[in-house]
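Novice: Would you mind keeping the following structure in view while I ask a few things?
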Amino acid sequence: MLKRIARTSYRRRRWVVAAWIVFLVAISAVGSAAGGVFKNDFALPGSESSDAFDLLEERGFDDRAGFTGQIVFEADQGVADPAVQDAMEAAFADVEESVPDVQVVTPYDPEGANQIAEGGQIAYAEVNLADRPDADFQDAADEIEAITDDVNVEGLQVELGGDLFASQEMPASELISVLLAIVVLLVAFGSVLAAGLPIMTALFGIGTGTALVQLAANGLTMPDFTTQAVAMIGIGVGIDYALLIVTRYRQALVDGRDPERAVLLALDTAGRAVMFAGTTVVIAVLGMLLIDVPAVRGLAVGIALGVLMTMLAAITLLPAVLGFVGKNIDKLGLPHRKRAEGQIEGSFWHRWSHTLQRRPWTAAIAGVVILVVLAIPVFSMRLAFADAGNRPTSDTTRQAYDMLSDGFGAGFNGPLLIAADMPDGETDLASLGELTAALNQTPGVEFATDPIPNEAKDAAIIQVFPTTSPQSEETAELVDTLRDDVVPAVTDGTELDVKVGGLTAGAVDYSNYTAKRLPVFIGAVLILSFLLLMVVFRSLLVPLKAVIVNLLSIGAAYGAMVAVFQYGWLKDVIGLSKSGPIEAWVPMMLFAIVFGLSMDYEVFLLSRIREEYDRTGNNNTAVADGLAATARVITAAALIMVFVFGAFILGADRSIKLFGFGLAFAVALDATLVRLILVPATMELLGDRNWWLPKWLDRILPRIHVEAHPHDGHTQTPATAD
């Protein structure tokens, strides 16, 4: 199939390139004009927090169930100063007039009297935007920001807080990562033209992928960092996939093939690895659709679309462009760069392989010990959602967070919402008064409001302000205490149905759910990888080693994330203002992505070793030649992805910073310690037993040839000198 695709793309290259350009322009225009709204909805259907949300929405508390935010202000002369009050009341009135479906409760209203902090210098207005499917929350936030920016009173500072204003901006990290990738490609290929092809392929892939994500947001709930994640992963895998194909194409030219036959060979070998790796990533990521959380499902679909488009660009657009390039791929070469004509023996990696083979036990034990030590912090990993206190100090939501914490206490930034169904009306309302008293006596509660009933008097809401911040472990424990002890002690024996909800409680529910599902998800993915590798390499021990090593490798990456982001080690180096929990969605998504990427390297390395073993029958020679032939490509591809993912550490958003760090660290480990040390060392230790497979199993397993065609026999050595 890939040969047919390659032949068609090559011979009809003008049509293929034109079609890609038209598609990119058209889908980008449509995506920009008709794209959906991104929304962070990590609510877990069926959880207590989700039930509380539904109750509030059904019983007339639409303002509490929608997007909320705060206009926080601090005045040196006091918020009751006439000039301050006049300016702020005018701003509040302007917000209500300019923004549809908004309700503003100001500290100057009778019902907002408790919104002025002790001392009278800090106050806030509660902004509630009704939750409607067609609501453009970003437009509302932008309008409110423009209004508050116009407030100009000496000694008055106005900031915006809450989820309504916590939008994400695309950082310049994409440009930085592309520039770094260009440098690596230039060094690897020694040619400007050859280096530009993977960049071009990746940009077409992520351009179309992000546009499709924008359109998909009309029907799916996608978090506001989805396009950043798609761009980050798309750049990395797009360059990686194209690099493998271009490397194979150049080597085919060196071996004497004409450009068309070189394209066919490149797609029939490296193209197979790209299809296998890309499909594996897509399947692994889409496995997260089993997680019953709207934002996680949307993020999974978005990343899958990005990977799918970069893969399609690599196997259709790239062969077409290679048709135009032909034998000129090494034109515009860098000065003093000399190509190696497929030389393996005597290369650095060939010597490195023989060094490992002389001391396989030392290499294997050292590699395992390093991975185990790095993984130790994973046992104290705490999954949660970081609050606005982790945002950059220059960010308005961070400044609003700090002002509210100073004026009202840390827990004020993440109140819990007690939603009560009151079938007995006034009788139940009296019982809720008892609940309020009990809440105010509970350790960890700063303050609980009196119950606020709806118009029908069949439901009510109580706000509970913890003494600790939304992301703290003590707040999560308080949620459990209220649900398990405090609420049942008051409501047992009554008709009241009380739920503990709110954004903070919802984050606790999702984090607990993810912690339980993560081992199951990892186990399922590892079983899948075992079966796939067993089919591809006709072996039991090779896939078993891969499962064990992948588990150690991902554990080490998790451990590094915990050490830096949760413990705070080296936090200043990567631009973190303080330590915090591990974002609950990151470990599962990280594993899905890293699994697919590691399968790429696994197949690329082991298929070459297997090819050499089938040719020579000597395991020692096969391991040495296989590593020497593939190590440069693996190193270059991994270095590019480390730069691409690592560049996102420079961004301001903590979630993307964490995700980028985890991916960069995992890829670096996988491509160096795992692929270039552990795998060759263990292959040497097991010898011919690597390829043992019971005959009965060999007969029933399907045959899949990935990366190296069984009758090819041509090398995969990159055409660059040591």
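Novice: Of all residues in region 103-120, which are closer than 16 Å to Thr449 by Cα and either assigned to a loop (DSSP other than H, G, I, E, B) or not assigned by TED's automatic domain parsing to the domain that holds Ile144 (or both)?
Specialist: Pro107, Ala117
Novice: Go through region 479-512 residue by residue and tally those that are assigned to a helix (DSSP H, G or I) and out of contact with any helix residue (DSSP H, G or I) (no Cβ under 9 Å at 6 or more places or on another chain).
Specialist: 4
Novice: All but one of (1) surrounded by 21 or more Cβ atoms within 10 Å (Cβ to Cβ); (2) closer than 27 Å to Gly69 by Cα; (3) at pLDDT 90 or above hold for Ala410, so report the exception by its number.
Specialist: That leaves (3) as the condition not met.
Novice: Is there a residue being surrounded by fewer than 19 Cβ atoms within 10 Å (Cβ to Cβ) and more than 30 Å from Ala300 (Cβ to Cβ) anywhere in region 47-64?
Specialist: Among the residues of region 47-64, at least one is surrounded by fewer than 19 Cβ atoms within 10 Å (Cβ to Cβ) and more than 30 Å from Ala300 (Cβ to Cβ), which makes the answer yes.
Novice: Still on this model: Search region 472-496 for residues that are over 24 Å from Asp387 (Cβ atoms) and pair each with any residue that is assigned to a helix (DSSP H, G or I) and of a type in the set (A, V, I, L, M) when their beta-carbon atoms are under 6 Å apart and the residues are at least 6 apart or on different chains.
Specialist: So the pair list comes out as Val490/Leu435; Val490/Ala438.
Novice: Of all the residues that make up region 427-462, how many are touching a residue at least 40 places away in the same chain (Cβ under 8 Å) and among the aliphatic types (A, V, I, L, M)?
Specialist: Summing the residues that are touching a residue at least 40 places away in the same chain (Cβ under 8 Å) and among the aliphatic types (A, V, I, L, M) in region 427-462 gives 9.
Novice: A further question follows. Name the residue, out of Leu212, Leu180, that is of a type outside the set (Val, Ile, Thr), surrounded by fewer than 24 Cβ atoms within 10 Å (Cβ to Cβ), in a helix (DSSP H, G or I) and at pLDDT below 85.
Specialist: On the way: Leu212 fails: at pLDDT below 85.
Going through Leu212, Leu180 in turn, just one is of a type outside the set (Val, Ile, Thr), surrounded by fewer than 24 Cβ atoms within 10 Å (Cβ to Cβ), in a helix (DSSP H, G or I) and at pLDDT below 85: Leu180.
Novice: Further, regarding this structure: Of the residues Ala456, Ala375, Ala386, only one is within 25 Å of the chain's Cα centre (by Cα) and assigned to a loop (DSSP other than H, G, I, E, B); which? Lay out the reasoning, then the answer.
Specialist: Values: Ala456 fails: within 25 Å of the chain's Cα centre (by Cα); Ala375 fails: assigned to a loop (DSSP other than H, G, I, E, B).
The match here is Ala386.
Novice: Please find, within region 535-578, the residue that is farthest from the chain's Cα centre (by Cα) out of those that are small (Gly, Ala, Ser) and under 20 Å from Asp698 (Cα atoms).
Specialist: Ranking the candidates gives Ser539 first.
Novice: For Leu597, work out the one condition from (1) among the hydrophobic types (A, V, I, L, M, F, W, C); (2) in contact with a Pro (Cβ under 9 Å, 6 or more places away or on another chain); (3) closer than 19 Å to Ile527 by Cα it doesn't fulfil.
Specialist: (2)
Novice: Would region 649-666 turn up any residue that is within 17 Å of Val549 (Cβ to Cβ) and buried (at least 23 other Cβ atoms within 10 Å of the Cβ)?
Specialist: yes
Novice: Starting from residues that are modelled with pLDDT of 80 or more and within 13 Å of Met683 (Cβ to Cβ), keep the ones in region 588-607 and report whichever is surrounded by the most Cβ atoms within 10 Å (Cβ to Cβ).
Specialist: Leu606
Novice: Next question, about the same structure. Looking at Asp712, is it outside any loop (DSSP other than H, G, I, E, B), of a type in the set (Asp, Glu) and either in contact with a helix residue (DSSP H, G or I) (Cβ under 9 Å, 6 or more places away or on another chain) or at pLDDT below 80 (or both)? Step through it out loud before you land on a result.
Specialist: Working: outside any loop (DSSP other than H, G, I, E, B): no; of a type in the set (Asp, Glu): yes; either in contact with a helix residue (DSSP H, G or I) (Cβ under 9 Å, 6 or more places away or on another chain) or at pLDDT below 80 (or both): yes.
Judged against the criteria, Asp712 is not a match.
Novice: Test Ser405 against the criterion of being surrounded by fewer than 20 Cβ atoms within 10 Å (Cβ to Cβ), closer than 17 Å to Asn114 by Cβ and among the small types (Gly, Ala, Ser), and give yes or no.
Specialist: Considered against the rule, which asks whether it is surrounded by fewer than 20 Cβ atoms within 10 Å (Cβ to Cβ), closer than 17 Å to Asn114 by Cβ and among the small types (Gly, Ala, Ser), Ser405 comes out as yes.
Novice: Which residue, of Leu322, Leu308, Leu312, Leu318, is assigned to a helix (DSSP H, G or I) and within 22 Å of Thr221 (Cβ to Cβ)? I'd like the intermediate steps shown before the answer.
Specialist: On the way: Leu322 fails: within 22 Å of Thr221 (Cβ to Cβ); Leu312 fails: within 22 Å of Thr221 (Cβ to Cβ); Leu318 fails: within 22 Å of Thr221 (Cβ to Cβ).
Of the residues listed, the single one that is assigned to a helix (DSSP H, G or I) and within 22 Å of Thr221 (Cβ to Cβ) is Leu308.
Novice: Would you tally the residues in region 521-575 being touching a residue at least 24 places away in the same chain (Cβ under 8 Å), touching a Ser or Thr at 6+ places or on another chain (Cβ under 8 Å) and among the charged types (D, E, K, R)?
Specialist: Here the count works out to 1.
The values are calculated or read from the model by the stated rules, or taken from the named source; none is laboratory data. This one's a predicted model, so the numbers in the text were calculated from it and none came from an experiment. Cβ sites come from the backbone with ideal geometry, for glycine too, and all protein chains shown count toward neighbours.
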